[in-house]
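The values are calculated or read from the model by the stated rules, or taken from the named source; none is laboratory data. These figures come from a predicted structure and were not determined experimentally. Every residue, glycine as well, gets a Cβ built from its backbone with ideal geometry; the counts of neighbours run over all protein chains shown. Just so you know, the surface numbers come from the protein's heavy atoms only, side chains and all, with ligands and any DNA or RNA stripped out. Shrake-Rupley method; radii C 1.70, N 1.55, O 1.52, S 1.80 Å.
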Amino acid sequence: MSLLVVGSVAFDAIETPFGKVDRTLGGAASYFALAASYFAPVRVVAIVGDDFAAKDESVFRGRGIDLTGVERTPGKTFFWAGRYSQNMNQRTTLATELNVFANFRPTLPPVYCDSSFIFLGNIDPTLQLSVLHQVNGRPKVVGLDTMNYWIDRTPAELRETLKHTQILTINDDETRQLTGEHNLMRAARHIFKLGPRTLVIKRGEHGALMVHDKFLFSVPGYPLEEVHDPTGAGDSFAGGFMGYLASAGRINNQTLRRAMVYGSVLGSFAVERFGVERLMHLTRREIRARAHRFSQLTSFQL
Ligand code: AMP
């Protein structure tokens, strides 16, 4: 089943203790789409400027990603720059230049309107909702990501969009900020009242916790020997997670658990190299092998 993602496509400048790149393809929708492309056909709704070149496009085309919904407009593509601390636990944003992204009004090409799996990447909640309004009928699953900026500035709009969302993927600080609850279990109960029935709390190197209204599931972070660039880990997690669900075509206890593992697998690959590099040429075998290692890592008997 086709999976539609709306979000940022960007050029990023990234500095980590392992090196520095001045301009590399990034943006939440890029990481998401590449990660999800290993599981399901992916459609992207985004905006880019006239500096988005054929070689950038070929990164998506190389993975069979549908770019019909990517609007090209005169001007520069969204630019973001960030620097990581020595232990990579902290990130300083050095620049956010919205450029053409400032005038982004997502428009779905008619061929996208039958999408049944939708991921609303971290953008203005009003724009997220406008995407849902353009879809024919009720999508099967809507996932959503957001951040402190939108939780602070557009709480009413975010609540409205959450009413139409089944799966919310955010980090622990955002969970607390959205609900005013410090305890994550209580926060999850609060979120269930807003609309979503599944909360996926991304915890960086510590893994991810899924709180469903009927069960809990937790995956650790994959113990990597080298992390070169944490940028896009959360978006890649969401891509692997939603991509797997779209490929399974149904949501239940079993598919949600597996989605958590595939999300973690794709997130762990993403951070091994700078930008989207590692997500461009993975193999099914590599993905399966890492998923298997997750299973070994967490299996025990009582
Ligand atoms: P993450 O590491 O999951 O926070 O994702 C980083 C990616 O998000 C980078 O590739 C950026 O281009 C993109 N990004 C950074 N700030 C924003 C923003 N305000 N809105 C949308 N995308 C952003």
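Remarks
- Positions within the stretch 7-40 being within 14 Å of the ligand (Cβ to nearest atom), touching a Phe, Trp or Tyr at 6+ places or on another chain (Cβ under 6 Å) and not in a strand (DSSP E or B), in sequence order: 8
- Filter result (in a loop (DSSP other than H, G, I, E, B), among the β-branched types (Val, Ile, Thr) and open to solvent by less than 80 Å² (accessible area, probe 1.4 Å)) within the stretch 96-126: 123
- Matching helices (runs of 4 or more DSSP H) fully within the stretch 148-207 where at least 1 residues are more than 19 Å from the chain's Cα centre (by Cα) and within 27 Å of residue 246 (Cα to Cα): 155-162, 184-194
- Screening residue 261 against (1) surrounded by fewer than 17 Cβ atoms within 10 Å (Cβ to Cβ); (2) under 30 Å from residue 87 (Cα atoms); (3) at pLDDT 95 or above leaves a single unmet condition, (1).
- Of the listed requirements (1) open to solvent by 20 Å² or more (accessible area, probe 1.4 Å); (2) closer than 16 Å to residue 109 by Cβ, residue 54 misses just one: (2).
- Against the test of being touching a helix residue (DSSP H, G or I) at 6+ places or on another chain (Cβ under 7 Å) and surrounded by 12 or more Cβ atoms within 10 Å (Cβ to Cβ), the options 38, 84 yield a single qualifying residue, 38.
- Residues (β-branched (Val, Ile, Thr) and more than 19 Å from the chain's Cα centre (by Cα)) located in the stretch 78-115: 92, 100, 107, 111
- Qualifying residues in the stretch 147-192 (those that are touching a Pro at 6+ places or on another chain (Cβ under 8 Å) and over 21 Å from residue 237 (Cβ atoms)) - the one least open to solvent (accessible area, probe 1.4 Å): 154
- Subset of the stretch 57-74 [of a type in the set (Lys, Arg) and either surrounded by fewer than 14 Cβ atoms within 10 Å (Cβ to Cβ) or at positive phi (or both)]: 61
- Checked against (1) closer than 27 Å to residue 41 by Cβ; (2) without any contact (Cβ under 8 Å) to a residue 12 or more places away in the chain, residue 153 meets all criteria but (1).
- Residue count, the stretch 41-51 (criterion: open to solvent by 10 Å² or more (accessible area, probe 1.4 Å) and part of a loop (DSSP other than H, G, I, E, B)): 3
- Selected residue (only one of 274, 300 is surrounded by 19 or more Cβ atoms within 10 Å (Cβ to Cβ) and not in a helix (DSSP H, G or I)): 274
- Residues of the stretch 136-146 that turn out to be within 15 Å of the ligand (Cβ to nearest atom) and either open to solvent by less than 10 Å² (accessible area, probe 1.4 Å) or assigned to a helix (DSSP H, G or I) (or both), as a count: 3
- Checking 93, 77 one by one, the residue that is over 21 Å from residue 239 (Cα atoms), within 12 Å of the ligand (Cβ to nearest atom), surrounded by 21 or more Cβ atoms within 10 Å (Cβ to Cβ) and in contact (Cβ under 8 Å) with a residue 12 or more places away in the chain is 77 and no other.
- Filter pass, residue 238 being within 16 Å of the ligand (Cβ to nearest atom), surrounded by 16 or more Cβ atoms within 10 Å (Cβ to Cβ) and not acidic (Asp, Glu): yes
- Boolean, residue 133 is at pLDDT 95 or above and in a helix (DSSP H, G or I): yes
- Any hit, the stretch 192-208, residues being free of Cβ contacts under 8 Å to residues at least 12 places away in the same chain and among the acidic types (Asp, Glu): no
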